[in-house]
Amino acid sequence: MNYERQTIPPEKIEHQLTICHEIFDRVTAHGARPLAMVDTYGCQQNEADSEKLRGYLAEMGYGFTEDEFQADVIVVNTCAVREHAEMRVLGNVGALNHTKKAKPGQIIAVCGCMVQQQHMTEKIRQSYPIVNLVFGPHELWRFPELLWQVMEKHGRVYATDKQNGAVAEGIPRNREGSVKAWLSIMYGCNNFCTYCVVPYVRGRERSRLPEDVVREARELVSAGYKDITLLGQNVNSYGRDLDRDVDFADLIRMINDIPGDFLIRFMTSHPKDATEKLFRTMAECEKCARQLHLPVQSGSDRILKAMNRSYTREKYLEEVSAARKWMPDLVLTTDIIVGFPGETDEDFAETLSLCEQVRFDAMFTFIYSKRVGTPAATMPDPFTREEKQKHFDALTELANRISAEKHGAYIGTRQRVLVDGETGREEYNLSARTNGGRLVHLKGDPEWVGRFMDVDITGGNTWALYGKEADGNG
Ligand code: 5AD
Ligand code: SF4
């Protein structure tokens, strides 16, 4: 594939920055600092996109608020993966009627995956007249230009054309926090799992150039970030679209070579592309966390086939064994969909037995949600919501029990953790993560935030571990 063709030329991003400065002059002309609010739904990729939206807004002179009544600009960055997320977005956008009434000049923008679906853009056009600007994920790089259009024309602006997407470098970032950072290495998805809307709204897989990724990782390390999560819908296919001899394992090695004390995490891995080379690389790279999120979705071969997942239960189990052979202390997590069209009691029993066999450290479980335009939406779906809920509850119970048992096994051990924030609670005022990414509650000095330290684990339940500073931390 021709990389040039799918890259936004740097001068176009420069032009957006020029527009930012024009907006700056306009919105700061009256003295008071204008305020913006960015409300984010969905996955980490959306969090990373919101950092870019805030980066642009900061260039335009906006400060940030969490109070929608104070905001001059509100951007709602939406998710389309499940209906529940869409309903929440629509409910919350509807509620902005009140803020707009109180502040008539307020600009309301809705962006992200939900509005890359035509029926959703139509819904907003017809039923949410308070919304001034609608733009899909492919148009994020030209947010300043779109906002400028709204300011100039006092009408509604839509930018949701169907596209395969591009890669844009040089968009400013306004990151949340100073310890953990998201680093997108690729965008889009080519897999077309039959239940999933992502390939339709986020376009085809596009990898960033390794030198761009490594440069950003270096900048993060120099800025003091200690925990870098590489993001992509399927990081294991990184580099396939590039005219280079580089894959995801190579990229991990390049980042591991950056001097400094930090951790590399990544998500999400598709089991069809996870290789022994990846597991070996993880094991050999001392900065790579012993953590793998490997969504299995179902334990039934029949359902995996209907989902177009391109692997079998057996292949998945072999991969788990290979990963654990290379990293005996690996923390393994997964995603599971319950109630895929036609999933029977027998299929579900296969999922339960796979989970019993693998014993995931944590499981993210979802009830199947029908997505417009996906192949699964037209498959016969004879089982009722109540039947699916029963399966879901049984799976949650199993997941919670195994997580509690796994966390129980940490009690009495010493773990090196990264303290990543304050909780605002008195008893355990700090939060930290183990190398494998398990949450640890601690009591201690807020100065510890951003530090790696040894902790003695004193307790654990389904959701978290509890610990205290070990003797001998320097
Ligand atoms: N319904 C329910 N869950 C879904 N996921 C993706 N699409 C759907 C859907 N239509 C889940 C998958 C994926 C996670 C991010 O969301 O488990 O791994
Ligand atoms: Fe969706 Fe499958 Fe792509 Fe993940 S790999 S984003 S589940 S289509």
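Filter region 246-268 down to the residues that are open to solvent by less than 30 Å² (accessible area, probe 1.4 Å) and either part of a strand (DSSP E or B) or free of Cβ contacts under 8 Å to residues at least 24 places away in the same chain (or both) and list them by number.
The answer is 263, 264, 265, 266.
Against the condition in the same structural domain as residue 45 (by TED's automatic domain parsing), open to solvent by less than 10 Å² (accessible area, probe 1.4 Å) and in contact with a Lys or Arg (Cβ under 6 Å, 6 or more places away or on another chain), how does residue 63 come out, does it pass? Walk me through it before giving the result.
Numbers: in the same structural domain as residue 45 (by TED's automatic domain parsing): yes; open to solvent by less than 10 Å² (accessible area, probe 1.4 Å): yes; in contact with a Lys or Arg (Cβ under 6 Å, 6 or more places away or on another chain): yes.
Considered against the rule, which asks whether it is in the same structural domain as residue 45 (by TED's automatic domain parsing), open to solvent by less than 10 Å² (accessible area, probe 1.4 Å) and in contact with a Lys or Arg (Cβ under 6 Å, 6 or more places away or on another chain), residue 63 comes out as yes.
Please go through region 27-50 and pick out each residue that is open to solvent by 60 Å² or more (accessible area, probe 1.4 Å) and touching a Gly at 6+ places or on another chain (Cβ under 7 Å).
Correct list: 33 only.
Looking at the structure I just gave you, is residue 395 on the phi < 0 side of the Ramachandran plot, out of contact with any strand residue (DSSP E or B) (no Cβ under 9 Å at 6 or more places or on another chain) and more than 16 Å from ligand 2 (Cβ to nearest atom)? It would help to see each step written out before you state the result.
On the way: on the phi < 0 side of the Ramachandran plot: yes; out of contact with any strand residue (DSSP E or B) (no Cβ under 9 Å at 6 or more places or on another chain): no; more than 16 Å from ligand 2 (Cβ to nearest atom): yes.
For residue 395, the condition - on the phi < 0 side of the Ramachandran plot, out of contact with any strand residue (DSSP E or B) (no Cβ under 9 Å at 6 or more places or on another chain) and more than 16 Å from ligand 2 (Cβ to nearest atom) - is not met.
Given the condition under 30 Å from residue 97 (Cα atoms) and open to solvent by 20 Å² or more (accessible area, probe 1.4 Å), answer yes or no: does some residue in region 186-193 qualify? First the steps, then the outcome.
Narrowing region 186-193 to residues under 30 Å from residue 97 (Cα atoms): none.
Taking every residue of region 186-193 in turn, none turns out to be under 30 Å from residue 97 (Cα atoms) and open to solvent by 20 Å² or more (accessible area, probe 1.4 Å).
So, in region 73-88, how many residues would count as being among the aliphatic types (A, V, I, L, M) and over 17 Å from the mean Cα position of the chain (by Cα)?
First pass over region 73-88, keeping only residues among the aliphatic types (A, V, I, L, M): 73-76, 80-81, 85, 87.
Remaining after also requiring over 17 Å from the mean Cα position of the chain (by Cα): 73-75, 87.
Residues that pass the stated criteria total 4.
Conditions (1) more than 26 Å from the chain's Cα centre (by Cα); (2) at pLDDT below 95, marked per residue:
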site: 454; (1), (2): yes, no
site: 457; (1), (2): yes, no
site: 463; (1), (2): no, no
site: 471; (1), (2): yes, yes
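Would you pick out the residues in region 410-423 that are open to solvent by 40 Å² or more (accessible area, probe 1.4 Å) and over 12 Å from residue 442 (Cα atoms)? Quick ask: steps written out before the conclusion?
Narrowing region 410-423 to residues open to solvent by 40 Å² or more (accessible area, probe 1.4 Å): 411-416, 422-423.
411, 412, 413, 414, 415, 416, listed by residue number.
Only one of 274, 289 is of a type in the set (Gly, Ala, Ser) and either open to solvent by 40 Å² or more (accessible area, probe 1.4 Å) or more than 16 Å from ligand 1 (Cβ to nearest atom) (or both). Can you tell me which? Before you say what the answer is, go through the steps one by one.
Details: 274 fails: either open to solvent by 40 Å² or more (accessible area, probe 1.4 Å) or more than 16 Å from ligand 1 (Cβ to nearest atom) (or both).
On inspection, the qualifying residue turns out to be 289.
Among the residues of region 313-323, are any open to solvent by less than 10 Å² (accessible area, probe 1.4 Å), in the same structural domain as residue 206 (by TED's automatic domain parsing), away from ligand 2 (no atom under 14 Å from the Cβ) and of a type in the set (A, V, I, L, M)?
Within region 313-323, not a single residue is open to solvent by less than 10 Å² (accessible area, probe 1.4 Å), in the same structural domain as residue 206 (by TED's automatic domain parsing), away from ligand 2 (no atom under 14 Å from the Cβ) and of a type in the set (A, V, I, L, M).
Quick check, is residue 242 more than 24 Å from residue 360 (Cα to Cα) and either free of Cβ contacts under 8 Å to residues at least 40 places away in the same chain or open to solvent by 10 Å² or more (accessible area, probe 1.4 Å) (or both)?
The answer is yes for residue 242.
So which residues in region 174-210 are of a type in the set (Gly, Ala, Ser) and not in a loop (DSSP other than H, G, I, E, B)? Even if it seems obvious, please write down each step before you answer.
Initial filter on region 174-210 (of a type in the set (Gly, Ala, Ser)): 177-178, 181, 184, 188, 203, 207.
Hits for region 174-210 are 181, 184, 207.
Check 406, 390 and return the single one that is part of a helix (DSSP H, G or I) and in contact with an Asp or Glu (Cβ under 6 Å, 6 or more places away or on another chain).
On the way: 390 fails: in contact with an Asp or Glu (Cβ under 6 Å, 6 or more places away or on another chain).
Answer to the check: 406.
Tell me the residue from 221, 213 that is assigned to a helix (DSSP H, G or I) and open to solvent by 20 Å² or more (accessible area, probe 1.4 Å), please.
Answer to the check: 221.
List the residue pairs whose Cβ atoms are under 9 Å apart, where the first residue sits in region 363-375 and is away from ligand 2 (no atom under 13 Å from the Cβ), the second is among the acidic types (Asp, Glu) and open to solvent by less than 50 Å² (accessible area, probe 1.4 Å), and the two are 6 or more positions apart or on different chains.
363/335; 365/335
Can residue 331 be described as within 16 Å of ligand 1 (Cβ to nearest atom), open to solvent by less than 50 Å² (accessible area, probe 1.4 Å), aliphatic (A, V, I, L, M) and at pLDDT 95 or above?
Numbers: within 16 Å of ligand 1 (Cβ to nearest atom): no; open to solvent by less than 50 Å² (accessible area, probe 1.4 Å): yes; aliphatic (A, V, I, L, M): yes; at pLDDT 95 or above: yes.
Taking the combined requirement at face value, the residue does not satisfy it.
For the list (1) at pLDDT 95 or above; (2) open to solvent by 70 Å² or more (accessible area, probe 1.4 Å); (3) farther than 20 Å from residue 293 by Cα, I need the number of the one condition that residue 405 fails.
Unmet for residue 405, out of (1) at pLDDT 95 or above; (2) open to solvent by 70 Å² or more (accessible area, probe 1.4 Å); (3) farther than 20 Å from residue 293 by Cα: (3).
For every residue, the table says whether it meets (1) under 29 Å from residue 17 (Cα atoms); (2) polar (S, T, N, Q).
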residue: 66; (1), (2): yes, no
residue: 100; (1), (2): yes, no
residue: 105; (1), (2): yes, no
residue: 115; (1), (2): yes, no
residue: 123; (1), (2): no, no
residue: 126; (1), (2): no, yes
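The values are calculated or read from the model by the stated rules, or taken from the named source; none is laboratory data. Keep in mind the model is a prediction, meaning the values are calculated, not measured. Don't worry about glycine lacking a Cβ; one is built from the backbone with ideal geometry, like all the others, and counts go over all protein chains shown. Surface accessibility is based on the protein's heavy atoms, side chains included, excluding ligands, DNA and RNA. Shrake-Rupley method; radii C 1.70, N 1.55, O 1.52, S 1.80 Å.
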